[in-house]
Amino acid sequence: LEQIAAEFPGVEKVFAIQAGREVRVVVTPNAIDDGKASELSELIARKIERELQYPGQIKVVVIRETRAVDFAR
């Protein structure tokens, strides 16, 4: 499951959680914008449907995170 999601460009990390019922995909914010993140989640879901046999459903979550940190002294 993690391997399928990791094959896509722009993917940094992949975590299968909740006994494989959810896949969280962390992407590079510079490479993937908000529109592409939505498209990527759909592409990953369709590839999982084609390549795996599983009962129920698997939730695919794409996380695109930008952090800004500064210090007050």
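If you go through the range 9-33 and keep only what is assigned to a loop (DSSP other than H, G, I, E, B) and either at negative phi or of a type outside the set (S, T, N, Q) (or both), you end up with Pro9, Gly10, Ala19, Gly20, Arg21, Thr28, Pro29, Asn30, Ala31, Ile32, Asp33. Restricting attention to the range 40-73, the residues being assigned to a helix (DSSP H, G or I), within 19 Å of Phe15 (Cα to Cα) and not small (Gly, Ala, Ser) number 9. Could you please tell me which pairs satisfy a Cβ distance under 8 Å, a separation of 6+ or placement on different chains, a first residue in the range 46-73 that is closer than 14 Å to Glu2 by Cα, and a second residue that is among the polar types (S, T, N, Q)? Pairs that qualify, where the first residue is closer than 14 Å to Glu2 by Cα and the partner is among the polar types (S, T, N, Q), are Val60/Ser41; Val61/Ser41; Val62/Ser38; Val62/Ser41. Scan the range 15-45 for residues that are closer than 14 Å to Glu2 by Cα and among the charged types (D, E, K, R) and jot them down. Within the range 15-45, Arg21, Glu22, Arg24 qualify. Taking (1) surrounded by fewer than 12 Cβ atoms within 10 Å (Cβ to Cβ); (2) in contact with a strand residue (DSSP E or B) (Cβ under 7 Å, 6 or more places away or on another chain); (3) of a type in the set (D, E, K, R) in turn, Glu51 satisfies each apart from (2).
Please indicate, with yes or no, whether at least one residue in the range 21-29 is out of contact with any strand residue (DSSP E or B) (no Cβ under 7 Å at 6 or more places or on another chain), surrounded by fewer than 16 Cβ atoms within 10 Å (Cβ to Cβ) and not β-branched (Val, Ile, Thr). No - not one qualifying residue is present in the range 21-29. Tell me, yes or no, whether the range 53-65 has at least one residue that is of a type in the set (Gly, Ala, Ser) and modelled with pLDDT of 95 or more. No, there is no match, as no residue in the range 53-65 is of a type in the set (Gly, Ala, Ser) and modelled with pLDDT of 95 or more.
The values are calculated or read from the model by the stated rules, or taken from the named source; none is laboratory data. Keep in mind the model is a prediction, meaning the values are calculated, not measured. Using ideal geometry, Cβ is built from the backbone for each residue, glycine included, and neighbour counts are taken over all protein chains shown.
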